[in-house]
Amino acid sequence: MDTAPRTPPHPSPHRTRRRALAAALSALALTALVGCGPSRELSRHDGLAVVHVGHIPVVDAVAFTLAVDKGWFRDEGIDARADATSAGGLLTNLINGTDQFALCETAGVVSAYAKGLPVHVIGGISKAAPRPEDDSGGLLVMKNGPVHRPADLNGRTVAVGQLKGGGEVALRAALDKAGADSDRVKILEMPLSDMTAALVKGRIDAMSTISPFDTPALAQGAVRLMSPGVEAAPHGMQMAVATSSVFEKENPGVVRGFRRALDKGIAYAAAHPEEVREALPSISPMPKQLIATMKLPVFDASTPRSSLKVWTDLMERYRFVAEPVDVDKLLS
C-alpha cells in the first residue's frame, strides 16, 4: 500500500502559549547563531563538574535517576542534578544555559533544530516497541462505539497530547498506512488526564495515549484500535537526550562522560523493570496501583542514527519541518 498522504496535511493551529514559547526560542536562537549565545563556566562541587538535567515526570527519565543513584555520573567526574520542569521549558532552559542537558520527546528536538535553534541530539533513551501488544502507547476507541477500523475515523475527532509533536505525526502516518485519510481526521490537543472522560462521554471518537493513562479508559469499555508508534515509527527514538551546541563545543569531555553514564542507566533500566517501577514515584506523582500495571517503555540507546531518522523522515513527509533535516549534523 502507498502510505504517502494524498494531499499535504493542513497545519494545525498553535495555542497562544506555544506561539509565545516559539517566539522566545526563536529569539534565543538568533542570539546564539550570531555568536552571542549563552556561555558560562561550569561550576564545581567536590571536584565534580555540576550539570543540570531537565526532564518531565515520565517513566523514561527513570534511566537517568538510576544512573545518578548508582554513582555512574560521579565515576565520570560529573555531579548530575535533576531539574524537573514542563515540556515547554525543556529546550528553553537548555538554550539559555539554565540546564546543560535535556531528556525530551524526539520530535520536539527535531522541530527545534529545524527552526535553527542550537541544539544537538547526543543519543536516545527509549524506542518504540517492536510489537503493538508491547507498546506503551495506543489509539483507543469505545468498544460499542461507531469506530471499528481506522477508516471509520474519517470525519471524526481524535485527541492527542500535543499538536505538531511526535504523537500527531505518528498518528497521521499510522492512519494513512491503515487505509484512513489523516487529512479528514480532526486532531485535537488535550491533556492525557482528560481524555478518558471525553471518550466515554462521546466528546471525542478516539484518544491517542500512553500507559498508564489508558488504564481508566480500558476499565470503562474502551478497546485498543491500533498502536500508532509501532505502526508509523518502528524502532523510532521515543525519548532523546539533547544538549546545546554551545555547551557541547565548550565541554566535549563532559558531554561524552554524561553519555557514558546515562547509557549505563539505560541498560540497567532495561534489565531491571521492577527497579524502574520502584524508582518512578521519586519523579512522578503517579498512583502506585497504576505504576504496578503500566507498560514500560523500551529502554534502548543503540542505533541512534537510524532510530532518529525514523522521526526526521516522518516529519519531513508530513511537513512538520519546512526543510529536510541533516541527521548527521543534528546527531553529535
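Results, tabulated for the structure shown:
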read-out	value
Verdict on Glu133 being open to solvent by less than 30 Å² (accessible area, probe 1.4 Å) and among the acidic types (Asp, Glu)	no
Thr243 vs. criteria touching a His at 6+ places or on another chain (Cβ under 9 Å), β-branched (Val, Ile, Thr) and part of a strand (DSSP E or B)	yes
Candidate set from region 168-212 (those that are β-branched (Val, Ile, Thr) and more than 24 Å from Ser126 (Cα to Cα)); member that is most open to solvent (accessible area, probe 1.4 Å)	Val200
Residue list for region 252-297, filter: among the hydroxyl-bearing types (Ser, Thr, Tyr) and assigned to a helix (DSSP H, G or I)	Tyr268, Ser282, Thr293
Cross-chain or 6+ apart pairs with Cβ under 6 Å, region 89-108 first and open to solvent by 20 Å² or more (accessible area, probe 1.4 Å), then assigned to a loop (DSSP other than H, G, I, E, B) and acidic (Asp, Glu)	Asn93/Asp99
Selection within region 314-332 - open to solvent by 70 Å² or more (accessible area, probe 1.4 Å) and either of a type in the set (Phe, Trp, Tyr) or under 17 Å from Gly165 (Cβ atoms) (or both)	Arg317, Arg319, Ala322
Selected residue (criterion: modelled with the highest pLDDT) from residues of region 152-166 that are open to solvent by less than 30 Å² (accessible area, probe 1.4 Å) and closer than 16 Å to Ala232 by Cα	Val160
Options Thr303, Thr215; residue that is on the phi > 0 side of the Ramachandran plot and open to solvent by 20 Å² or more (accessible area, probe 1.4 Å)	Thr303
Output for region 38-85, where each listed residue is open to solvent by 70 Å² or more (accessible area, probe 1.4 Å) and either in a strand (DSSP E or B) or of a type outside the set (Asp, Glu) (or both)	Ser39, Arg40, Arg44, His45, Lys70, Arg74, Arg81, Ala84
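The values are calculated or read from the model by the stated rules, or taken from the named source; none is laboratory data. Computed from a predicted structure; not experimentally measured. For neighbour counting, all protein chains shown are included, and Cβ atoms are generated from backbone atoms with ideal geometry for every residue, glycine included. What goes into the accessible areas is simple: the full protein's heavy atoms, side chains included, and nothing from ligands, DNA or RNA. Shrake-Rupley method; radii C 1.70, N 1.55, O 1.52, S 1.80 Å.
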